1. Just to be sure I understand the filter: pairs with C-beta atoms under 7 Å, separated by 6 or more residues or on different chains, first member in the stretch 314-341 and under 19 Å from ALA393 (Cα atoms) and surrounded by 19 or more Cβ atoms within 10 Å (Cβ to Cβ), second member acidic (Asp, Glu) and modelled with pLDDT of 95 or more. Which pairs pass?
2. Give the residue that is modelled with the highest pLDDT, with candidates limited to residues of the stretch 97-123 that are surrounded by fewer than 19 Cβ atoms within 10 Å (Cβ to Cβ) and of a type in the set (A, V, I, L, M, F, W, C).
3. Mind checking which residues of the stretch 442-485 are farther than 27 Å from VAL339 by Cβ and of a type in the set (Gly, Ala, Ser)?
4. Name the single residue, out of those in the stretch 351-372 being among the charged types (D, E, K, R) and surrounded by 17 or more Cβ atoms within 10 Å (Cβ to Cβ), that is farthest from THR329 (Cα to Cα).
5. Report yes if GLY206 is under 27 Å from ALA136 (Cβ atoms) and either modelled with pLDDT under 95 or surrounded by 19 or more Cβ atoms within 10 Å (Cβ to Cβ) (or both), otherwise no.
6. Go through the stretch 243-256 and give me each residue that's surrounded by fewer than 22 Cβ atoms within 10 Å (Cβ to Cβ) and closer than 16 Å to ILE68 by Cα.
7. Please enumerate the residues belonging to the stretch 190-203 that are more than 19 Å from VAL88 (Cα to Cα) and crowded, with 16+ Cβ neighbours inside 10 Å.
8. Could you tell me which residue of the stretch 41-75 is surrounded by the fewest Cβ atoms within 10 Å (Cβ to Cβ), considering only residues that are at pLDDT 95 or above and either in contact with a Cys (Cβ under 7 Å, 6 or more places away or on another chain) or assigned to a loop (DSSP other than H, G, I, E, B) (or both)?
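The values are calculated or read from the model by the stated rules, or taken from the named source; none is laboratory data. All values derive from a computational prediction rather than experimental measurement. Don't worry about glycine lacking a Cβ; one is built from the backbone with ideal geometry, like all the others, and counts go over all protein chains shown.
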Amino acid sequence: MKPLRSFLLVLILGLVSLSSAQTVVQRIRLGNSVEGMTYVNNGPLAGHIVLIDGEKLIGAPAESRGAIPFLPLFDLTPLGYPAAPRGVGWISSERLFIFTDPTVGGASTTFQLADYRGRQKSSITFQWPDYYAQSASYVEEVAWVPLDAPQYAGDLIFIAWATAPIGDEYTTAFVMDRQGNYVDAIPLPVDATGLAYRAPGYLLLGSLSAGYLYEIDLSGNQATVPVSIPDAFGMEGVAVLASGRVAVTSHADGKIIYLDANLNRLPQERSYRVGFGLSLPGAVAWDSAANQFVVWAGDIEPTMTLPQLGAISANGRSAHLYFDMAPFTGQSFGRMDYVRDVDAVVMPFRSTSPRILEYFSPSGSSDGPIIGDGSRDYRLNAFAYLPDGGFIARRTADTTLLTFFDSNAQPTGMQFDLSASIQSGALVLDVAPFPTWLGEQRYLVLTSETPQRLLTLDAAGNLLATADATRLSPRNLSSVKYISSGPKAGSFVALNPDTNELIVFRLR
């Protein structure tokens, strides 16, 4: 009996080892994800445009008319923010970058400073005025005012967003001094994301929607007629170059558009496009009939501004439209999965009443069954279909509880309670059922813990193994699914919405 027991122990430990680590097979970039841009006028990067794209700061010579590519300058994760910064500025008097905190809410916000190599130097804390602190505010872009400016010299101006409108608008430009003290507030004529200071005393604002560039004085008055740039929808970046020209870019377009000093568009453009123009991805599924990934994207390039479902080939080299989501603009969905029996992607509505499942395929869409009793209590997040036609999901209020539903979307009574296995305050983000090579049912669970983890459960919900998911990505994975067919069968795919990346991996 002793040799047999030893053999079984080795086998069990081997299985746990296989389940507790990952091997990355492939990384597929879906598109650009720009959150800020600035111009560097001195130091080792003098004459460069730099911008935040995903989790990296990238840059290239601003005035070059050749094919010089944008190259990574440094990774932004060491700044310690929970996600990529939403803005970047250049303090030329100190030759330092300043980055904005993406955190929503709180009594204050923190700006991190780093040198041209990404080495963190110091930070600035700004206390929100009461009316912004109460509105779950956060910061988009930031700009430094030169020392020779007639007003606010040496101060910093940043765009603050509130999740509830302050008056008629959601945004205000705040002025703070170098120590983080409140100096002034500038009313804005538009909900803005991009920002740049232009001498002798103006701000250029990139609008969130409609692709307009505004110029205002430091009292908030419009100085010029807004300039329409339709292919810069979601204008996240604005920069004023040493030549006086202006450069703008959008969240997903992947190109720099130039204007002259009078804000007339120039024919010159610079591309830094990657992937397939899909941005703000919300969920991923594996289409086992066509052997392709299906991604739900909230932003797309170049001028289409409606969410869509995009299909990505298994090798990550091509993409095409799977379903046009224009009729569903304004609706909110949770995770999604593909159902082979109906050859369609299934997504649970979160913003309709009653709650329903919606089926999407290239041939059209159709309503599925009402989820549970259709109430808000059945708003779903983590979501995956099961071989018997039912599905497993996490209801929004049940942070660590997975519920099983039958093919009519009614609860079966079976649940997995993971409260003892997940850090307090963390969530189950997604779940992926998968079979072992012996045909046994398993579940891979993605959590929101810090660091993120992957949990392997058996058919009864017992914890078999855990893994640190930061091997796949430092943070912010949001979805995971099993790849059941094709050359990558037996692998999984994870989604990082910050970097717009699909990560194919195996459990090893």
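1. ARG335/ASP430; TYR338/ASP287
2. The initial filter retains those residues of the stretch 97-123 that are surrounded by fewer than 19 Cβ atoms within 10 Å (Cβ to Cβ), namely 102-108, 110, 113, 115, 117-123.
Now drop any that are not of a type in the set (A, V, I, L, M, F, W, C), which leaves 104, 107, 113.
Details: VAL104: 91, ALA107: 94, LEU113: 98.
My answer is LEU113.
3. Those that are farther than 27 Å from VAL339 by Cβ and of a type in the set (Gly, Ala, Ser): ALA465, ALA467, SER473.
4. As a first pass, look at the stretch 351-372 and keep what is among the charged types (D, E, K, R): 355, 358, 367.
Restricting the remaining residues to those that are surrounded by 17 or more Cβ atoms within 10 Å (Cβ to Cβ) gives 355, 358.
Working: ARG355: 17, GLU358: 14 Å.
Top of the filtered list is ARG355.
5. Working: under 27 Å from ALA136 (Cβ atoms): yes; either modelled with pLDDT under 95 or surrounded by 19 or more Cβ atoms within 10 Å (Cβ to Cβ) (or both): yes.
Spelling it out, GLY206 is indeed under 27 Å from ALA136 (Cβ atoms) and either modelled with pLDDT under 95 or surrounded by 19 or more Cβ atoms within 10 Å (Cβ to Cβ) (or both).
6. Taking the stretch 243-256 and keeping what is surrounded by fewer than 22 Cβ atoms within 10 Å (Cβ to Cβ), we get 243-245, 255.
Passing the criteria: only LYS255.
7. Listed by number, the list holds a single entry, VAL190.
8. Per the stated criteria, the residue is PRO44.
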